[in-house]
Amino acid sequence: MMLDLFVAPFTEFAFMQRALAGALLLSLSACPVGVFLMLRRMSLAGDAMSHAILPGAAAGFLIYGLEIVPMTIGGLIAGALVATGAGAVARLTVQKEDASMAAFYLVSLSIGVVMVSLRGSSVDLMHVLFGTVLALNDAALILIGIVTAVTLISVALYWRALVAECLDPLFLRSVSKLGGVVHFLFLGLVVLNLVAGFQALGTLLSVGLMILPAASARFWVNNVFAMCLLAVGTGFAASLSGLLLSYHASLPSGPAIILSAGAAYLLSLLAGPRGLLRPLLPGRNHRTA
């Protein structure tokens, strides 16, 4: 019975194996990026960026159809343009970056939906918006693997600078020339991971695997490295349980993975050392520092 529930889906079906491999690679790459997004208080900016890649992906779809490389390149270009444009508006006008980012992503989302609708069917639109993790092919897995490798190498090389910018970006820029470089490197990693996640989870859900495990880890640990490890572990668990839930309950795979990550967040919110119920436990008169 246990084998049928937990093992058989992955041993009997190649599409489940590819889906699991893609989701695990995404967790390994996106979850640490999500930790830094959360520590920078940029979680909603990550959500905005996930919508901002839609016009570029839609342009690739209009020209080449559901081909990975053109849609990926289009998504990268669109994400870079929106990030640059929102930053420029924030620096050159009285508008704050969060407001300019919201304006850019709302316009981008609308343009992207219209572009997909011009040529594609409702099925194509659902594919772009919500992904098809069960339909990942070798090219998509290679792309996700490359993004994972680039992300892990970049994070390892610039770890101290990334942590320092989360704590005090002005201090980092005053003592090192890496401040501006690291900021744009980090934004590039966010866009890369959102584009990679778009292949499996779609533009609307790709940010979920980036933010929810990171937010869950925040309730358990305070050390940044431990937070990254716990976020990756949570992403792994959400990917595995979400795919199994999708298989056995005939649910959409992408939303099932994000729902599993949401369940982990709810559990952490309630039972974590920094959660809501911790102060109510016997012998606990205050929250964990």
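Among the criteria (1) in a helix (DSSP H, G or I); (2) modelled with pLDDT of 90 or more; (3) among the hydrophobic types (A, V, I, L, M, F, W, C), the one Ala196 does not fulfil is (2). Kindly evaluate Leu187 against the criterion of being crowded, with 24+ Cβ neighbours inside 10 Å and either closer than 27 Å to Thr72 by Cβ or at pLDDT below 85 (or both). Considered against the rule, which asks whether it is crowded, with 24+ Cβ neighbours inside 10 Å and either closer than 27 Å to Thr72 by Cβ or at pLDDT below 85 (or both), Leu187 comes out as no. What single numbered condition from (1) of a type outside the set (Lys, Arg); (2) open to solvent by 20 Å² or more (accessible area, probe 1.4 Å); (3) assigned to a helix (DSSP H, G or I); (4) over 22 Å from Ala58 (Cβ atoms) fails to hold for Val94? All conditions pass for Val94, except number (3). None of Arg41, Arg18 is assigned to a helix (DSSP H, G or I) and open to solvent by 30 Å² or more (accessible area, probe 1.4 Å) except Arg18. Applying the condition of being part of a helix (DSSP H, G or I) and free of Cβ contacts under 8 Å to residues at least 12 places away in the same chain to the range 56-79 and asking which residue is nearest to the chain's Cα centre (by Cα) yields Pro70. Applying the criterion of being open to solvent by 60 Å² or more (accessible area, probe 1.4 Å) and polar (S, T, N, Q) to the residues of the range 210-267, the residue that is farthest from Val190 (Cα to Cα) is Ser250.
Residue by residue, here is whether (1) in contact with a helix residue (DSSP H, G or I) (Cβ under 8 Å, 6 or more places away or on another chain); (2) modelled with pLDDT of 85 or more; (3) buried (at least 21 other Cβ atoms within 10 Å of the Cβ) holds:
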position	(1), (2), (3)
Leu24	yes, yes, no
Ser27	yes, yes, yes
Met49	yes, no, yes
Gly56	yes, yes, yes
Leu66	yes, no, no
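Considering the conditions (1) open to solvent by 70 Å² or more (accessible area, probe 1.4 Å); (2) of a type in the set (Val, Ile, Thr); (3) under 20 Å from the mean Cα position of the chain (by Cα), Val82 is excluded by exactly one of them, (1). Look at (1) more than 30 Å from Thr132 (Cβ to Cβ); (2) aliphatic (A, V, I, L, M); (3) not in a helix (DSSP H, G or I) and you find that Leu251 fails only one, number (1).
The condition of being surrounded by 14 or more Cβ atoms within 10 Å (Cβ to Cβ) and farther than 23 Å from Ser27 by Cα holds for only one of Ser110, Ser100, that being Ser100. Taking Ser176, is it buried (at least 17 other Cβ atoms within 10 Å of the Cβ), in contact with a helix residue (DSSP H, G or I) (Cβ under 8 Å, 6 or more places away or on another chain) and either closer than 29 Å to Ala140 by Cα or without any contact (Cβ under 8 Å) to a residue 40 or more places away in the chain (or both)? So Ser176 fails the test.
Scanning the range 1-14 for residues that are surrounded by fewer than 16 Cβ atoms within 10 Å (Cβ to Cβ) and either aromatic (Phe, Trp, Tyr) or under 14 Å from Leu209 (Cα atoms) (or both) turns up Phe6, Phe13. Please verify whether Ile77 is open to solvent by 10 Å² or more (accessible area, probe 1.4 Å), of a type in the set (Val, Ile, Thr) and out of contact with any Cys (no Cβ under 7 Å at 6 or more places or on another chain), treating the condition exactly as stated. Answer is yes for this residue.
The values are calculated or read from the model by the stated rules, or taken from the named source; none is laboratory data. This structure is a prediction, so every number in the text was calculated from the model and none was measured. Glycine gets a Cβ as well: all are built from the backbone with ideal geometry, and neighbour counts include every protein chain shown. All accessible areas refer to the heavy atoms of the entire protein, side chains included, with ligands and DNA or RNA removed. Shrake-Rupley method; radii C 1.70, N 1.55, O 1.52, S 1.80 Å.
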